[in-house]
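What follows is a short report on a single structure.
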Amino acid sequence: MATVGIIGAGNIGQAIAIQMLRAGEEVLIANNRGPDSLGDVIGKLGPGATAVTVGEAAAADIVAVAIPWDFLPDALGSLPGWDGRIVIDANNAVTQPDFKPADLGGRGSSEVFAELVPGARVVKTANILLAAVLAEDPAVEAGRRVLFMSGDDAGAKDAVGGLFTTAGFRMIDLGPLTVT
């Protein structure tokens, strides 16, 4: 059993928390307003979920980051080193509030994200489904919902893929973070 820290308690962060709880994991969820602001979220998530600080969530075995793209540098910049920790990039490079593509200077969004978590083993996943769909039971009449993932570390992809598979998803590995 792993502890999964989630930085971002919005719709995507909560959907990831629901799936990690479904997989039998302990969830530590955080936002920029602090644990005291998460009473309703913890009430909704139920047993196994704990409100914590961003620093405590970032210290978990596996960390999922699900916050608006524009806030990533500030949210992640003050955190200590990632030292091989597995970090799930569940973000999309769109600006708020207009939802326009962010200027990435010709790089992929996960390349930019990986620079914000130096030393982390980044796995990109959980960013293609609407939050409400991601939160639902992945077992559907015709089979299982699919999540795509990419990353440069096979062990990290196995760990993340295993969690989402245990929750009921079918994982499809798209290969490395950067395609040349």
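Ignoring ligands, DNA and RNA, what percent of the accessible area of segment 32-154 is carbon or sulfur (1.4 Å)?
Of all accessible area on segment 32-154, carbon and sulfur atoms account for 54 percent.
Binning at 5 angstrom from zero up to the longest distance, how are the C-alpha pair distances of the chain distributed in percent? Bin by bin from 0 Å, the calculated values are 1, 9, 18, 23, 22, 16, 8, 2, 0.
Per residue of the chain, the DSSP helices (runs of n ≥ 4 H) give a summed -39500 (n - 2.57) that works out to -8500 deg cm²/dmol at 222 nm.
Within the set of other residues whose C-beta is less than 13 Å from the C-beta of D153, count the net charge using Lys and Arg as +1 and Asp and Glu as -1. Mind showing how you got there, number by number?
On the way: positive: R85, R121, K124, K157; negative: D89, D152, D158, D173.
Charge balance near D153 sits at 0.
Just to confirm a number: summing +1 for Lys and Arg and -1 for Asp and Glu over residues other than L129 whose beta-carbon lies under 11 angstrom from that of L129, what do you get?
Values: positive: R145; negative: E136.
My count for the surroundings of L129 gives 0.
Close amide H contacts of T3 (hydrogens built in the peptide plane, cut-off under 5 Å, sequence separation of 5 or more or a different chain): D61, I62.
Note on segment 101-141: Cα-only Rg and Dmax are 14.3, 42 Å.
Here the alpha carbons of segment 1-95 define both size measures, Rg and Dmax, at 12.1, 35 Å. Taking amide H atoms as placed 1.01 Å from N in the peptide plane, the amide H of I88 lies under 5 Å from those of V63, A64, V65, V123, each 5 or more residues away in sequence or on another chain. Along the axis of the charge dipole computed for the chain (Cβ charges of +1 for Lys and Arg, -1 for Asp and Glu, origin at the Cα centre), the listed residues A139, W69, G105 are led at the positive end by A139.
Average 1/r across all pairs of distinct alpha carbons in segment 58-144, invert it, and you get the Kirkwood radius: 14.2 Å.
Scalar couplings 3J(HN,Hα) for segment 156-172, obtained by applying the Karplus form with A = 6.51, B = -1.76, C = 1.60 to θ = phi - 60°, are 5, 5, 4, 5, 5, x, x, 4, 5, 5, 4, 6, x, 7, 9, 9, 10 Hz; x denotes Gly and Pro. For segment 1-152, the per residue solvent-accessible surface stands at 47 Å², with DNA, RNA and ligands left out and a 1.4 Å probe. Comparing Cα centroids, segment 1-59 and segment 87-145 end up 17 angstrom apart. Each peptide in 169-176, 95-102 was scored by the mean count of other Cβ atoms within 10 Å over its residues; highest first, the order is 169-176, 95-102. For A102, the residues whose modelled amide H falls within less than 5 Å of its own, excluding neighbours fewer than 5 places apart on the same chain, are V94, T95.
The values are calculated or read from the model by the stated rules, or taken from the named source; none is laboratory data. For clarity, every value in this text was computed on a predicted model and none was experimentally measured. Cβ: placed from backbone, ideal geometry, glycine included. Neighbour counts: every protein chain shown. Heads up: the accessible areas ignore ligands, DNA and RNA and are worked out on the full protein's heavy atoms, side chains in. Shrake-Rupley method; radii C 1.70, N 1.55, O 1.52, S 1.80 Å.
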